[in-house]
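Okay, structure first, notes after.
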Amino acid sequence: MKGTEDMELNVTPLSEWGLPDGNVFLAAGPCSAETEEQLLATARGLKGSGLSFFRAGMWKPRTHPGSFEGVGLEGLEWLERVRDECGMPVGIEVATPEHVEACLKHGVDVVWIGARTTPNPFAVQSLADAMRGTDMRVFVKNPISPDLELWIGALERLYSAGLRKIGVIHRGFSSSKKVLYRFAPHWKIPIELKRRLPDIPILCDPSHICGKADLIFSVAQEALDLLYDGLMIEVHVDPPNAWSDSRQQLTPDQFRVLMDRLTVKSELIKSEEYQARIRELRIEVDSLDKQLIEVLGKRMEIVREMGDLKRRNNISTLQPHRWNEIVVSRAATGSELGLAAEFIFRLFEEIHEEAIRQQEVGNG
Ligand code: PEP
Ligand code: MN
């Protein structure tokens with residue numbers, strides 16, 4: 001568990017980035033700039049929605065070559081028109097030093113480093129070097145794989161190049177299990193990032209997490225419940241005909257409905273009644289956690305004794321039948337108490353792994 005040895009990042013609070021910022025920092029716009037008309041129509045649809053910046057992708061990192069890979073430099077001229085006509089700051093993804101140069105030339109207000117670039121230290125370093133000496137506003141999307149260190153490492157590279165307006169965007173993680181989401185949210189990773197770097201502004205990108213428009217509300221609300229500073233959401237004037245990520249984009253009208261439905265939470269509530277009750281509940285939780293740990297300690301003690309017994313009788317540490325019995329019976333007990341089978345399984349997987357480790361240690 002890292003903590004005190006992390007590089008200290010004294011970043012600029014989002015409220016001092018010089019961008020419009022209501023009670024939620026909002027970035028919205030199409031996945032990709034496609035044509036000047038599409039870009040301007042989308043921007044006009046979003047005008048007056050309180051955006052902190054209007055987003056659009058100019059160079060698209062597509063999984064397969066031959067898919068639409070973005071309009072490139074030409075789109076930056078269209079983006080200037082968006083800014084002039086709609087009065088909104090604008091932001092795009094950068095992946096190479098040339099992209100950074102183009103942004104400086106065209107006065108792009110915000111840039112972000114994409115999920116496929118963040119994990120590459122060479123690429124991030126070359127971007128940091130290209131931004132050195134500027135005061136660019138940069139968001140770093142999480143790496144596509146669930147690797148917190150690579151994410152933090154990218155922030156450190158930018159910080160070391162002198163950048164201070166640095167934030168992060170949680171856009172979900174690639175996972176072998178594709179059940180509900182396109183990219184699994186793994187909330188505990190950004191929560192750990194926030195523990196280690198509490199001052200870093202953090203946005204959530206529910207569009208890429210969900211992959212489908214109808215899931216976006218619940219993920220966006222969850223992000224606000226977890227005190228994210230803001231949201232980045234893909235909005236397109238005609239989602240079904242978008243040239244990339246068509247299933248996850250909202251129309252400007254749907255975006256406004258979404259914003260009306262969302263509730264912004266705050267960490268500190270002044271009500272005395274709330275404070276008193278939450279204190280009581282926290283004391284109960286603290287005491288239950290202590291009991292949990294004591295029970296786990298006792299369980300491991302017994303497990304070690306079982307390890308000795310197995311060793312003396314030349315019996316293998318892993319007993320697949322017994323493990324299966326545990327999985328089934330614990331899930332049944334859990335479900336009587338309204339605990340999800342999947343949660344109980346994950347919990348006992350961890351406990352079982354540690355039990356095996358303890359018995360193996362005994363094997364010397
Ligand atoms: C995007 O924002 O359009 C994008 C490509 O995002 P990501 O890097 O998160 O995939
Ligand atoms: Mn996209």
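Conditions (1) free of Cβ contacts under 8 Å to residues at least 24 places away in the same chain; (2) closer than 28 Å to A223 by Cα; (3) among the acidic types (D, E); (4) open to solvent by less than 100 Å² (accessible area, probe 1.4 Å), marked per residue:
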| position | (1), (2), (3), (4) |
| --- | --- |
| R277 | yes, yes, no, no |
| I293 | yes, no, no, no |
| R312 | yes, no, no, no |
| E325 | yes, no, yes, no |
| F345 | yes, yes, no, yes |
| H352 | no, no, no, yes |
| R357 | yes, no, no, no |
| G362 | no, no, no, yes |
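Screening A115 with (1) touching a helix residue (DSSP H, G or I) at 6+ places or on another chain (Cβ under 6 Å); (2) part of a loop (DSSP other than H, G, I, E, B) gives one miss only, at (1). Among the residues of segment 174-182, some residue qualifies, meaning at least one is more than 12 Å from ligand 2 (Cβ to nearest atom), more than 12 Å from the chain's Cα centre (by Cα) and among the aromatic types (F, W, Y). So, in segment 128-145, of the ones that are assigned to a loop (DSSP other than H, G, I, E, B) and buried (at least 17 other Cβ atoms within 10 Å of the Cβ), which residue ends up farthest from ligand 1 (Cβ to nearest atom)? Per the stated criteria, the residue is M136.
Cβ-Cβ contacts under 7 Å between residues 6 or more apart (or on different chains), taken from a first residue in segment 58-85 that is touching a residue at least 40 places away in the same chain (Cβ under 8 Å) and closer than 21 Å to A41 by Cα to a second residue that is away from ligand 2 (no atom under 16 Å from the Cβ) and open to solvent by 30 Å² or more (accessible area, probe 1.4 Å), are listed as W78/E36.
Yes/no matrix, rows are residues, columns are (1) assigned by TED's automatic domain parsing to the domain that holds V71; (2) more than 25 Å from the chain's Cα centre (by Cα); (3) away from ligand 2 (no atom under 16 Å from the Cβ):
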site	(1), (2), (3)
W17	yes, no, yes
G29	yes, no, no
E37	yes, yes, yes
L40	yes, yes, yes
R44	yes, yes, yes
S52	yes, no, yes
R55	yes, no, no
M58	yes, no, no
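If you go through segment 30-50 and keep only what is open to solvent by 20 Å² or more (accessible area, probe 1.4 Å), out of contact with any strand residue (DSSP E or B) (no Cβ under 8 Å at 6 or more places or on another chain) and not hydroxyl-bearing (S, T, Y), you end up with E36, E37, A41, R44, K47, G48. Per the conditions (1) within 16 Å of ligand 1 (Cβ to nearest atom); (2) closer than 21 Å to F53 by Cβ, the sole criterion not satisfied by L150 is (2). Take A27 and decide whether it is open to solvent by less than 20 Å² (accessible area, probe 1.4 Å), among the hydrophobic types (A, V, I, L, M, F, W, C) and without any contact (Cβ under 8 Å) to a residue 60 or more places away in the chain. Taking the combined requirement at face value, the residue does not satisfy it.
Among the criteria (1) more than 31 Å from the chain's Cα centre (by Cα); (2) on the phi < 0 side of the Ramachandran plot, the one N314 does not fulfil is (2). So which helices (runs of 4 or more DSSP H) stay within segment 169-255 end to end and still have 2 or more residues that are touching a residue at least 12 places away in the same chain (Cβ under 8 Å) and surrounded by 21 or more Cβ atoms within 10 Å (Cβ to Cβ)? Here the list reads 206-210, 216-225.
The values are calculated or read from the model by the stated rules, or taken from the named source; none is laboratory data. These numbers come from a predicted model, not from an experiment. We place every Cβ from the backbone using ideal geometry, glycine too, and count neighbours over all the protein chains shown. For the accessible areas, the whole protein counts, side chains as well, though only heavy atoms, and no ligand, DNA or RNA atoms are used. Shrake-Rupley method; radii C 1.70, N 1.55, O 1.52, S 1.80 Å.
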